[in-house]
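Please read the structure below before turning to the comments.
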Amino acid sequence: MRRKSFVFLMAFLVLCTGALMVACPPPGGPHLTKASLRIHIGNNIVARTIAPPSDATTVASYSVSGNGPNGASFGPLPVTGDSATVDGLAFGSWTVKVDALNAKGDIIGHGESSTTVASGDNSVTVSVLLASGWGSLSLTVTWKTSQVQGPGSVSASITSATGGSALPLTPFTGATGLSPQLPPGCRPATTS
């Protein structure tokens, strides 16, 4: 009889433990499926190709956005400092994109990074680099007719900020201007 009571008591305890495991949520609960992500922005834009420095190449703010699991997304969010925190993100893999904007709102730089959002502290650093692509240069040269003999002419060339061969610019004469399309990283090298 004692053995039957012991078996019955053990069966009852196992049943109660099983019921408690099913009925009670785990620590943190099933509601804990979202977390925060701290985004650190590394501004690696160097305005080395324009002298004197211009507001056109100075970062005034950032636009931050992200894409996550199952079509989840956030942003674009305006950010004026070097970091931001986004709350309520679903657990899983996220790609964070950052655009650097000048005072006019033009995109002058971009960066992106991937991370996994889970419970606890989540952070990612996005390195923002100068936007690639072609730009333009507007160059105007004027002189007084009394300072030159005959029709004046000007030649100019441009070289990459990292060196290399000079890119000749179309020669022009008289008081006129020049607006070539330039590859990224070029700067005026010589005029004569």
Identify all residues within region 93-105 that are more than 15 Å from the chain's Cα centre (by Cα) and either of a type in the set (S, T, N, Q) or at pLDDT 95 or above (or both); write none if there are none. SER93
Would you tally the residues in region 61-118 being crowded, with 19+ Cβ neighbours inside 10 Å, assigned to a strand (DSSP E or B) and small (Gly, Ala, Ser)? 5
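The values are calculated or read from the model by the stated rules, or taken from the named source; none is laboratory data. Please read these numbers as outputs of a predicted model, since none were measured by experiment. Cβ: placed from backbone, ideal geometry, glycine included. Neighbour counts: every protein chain shown.
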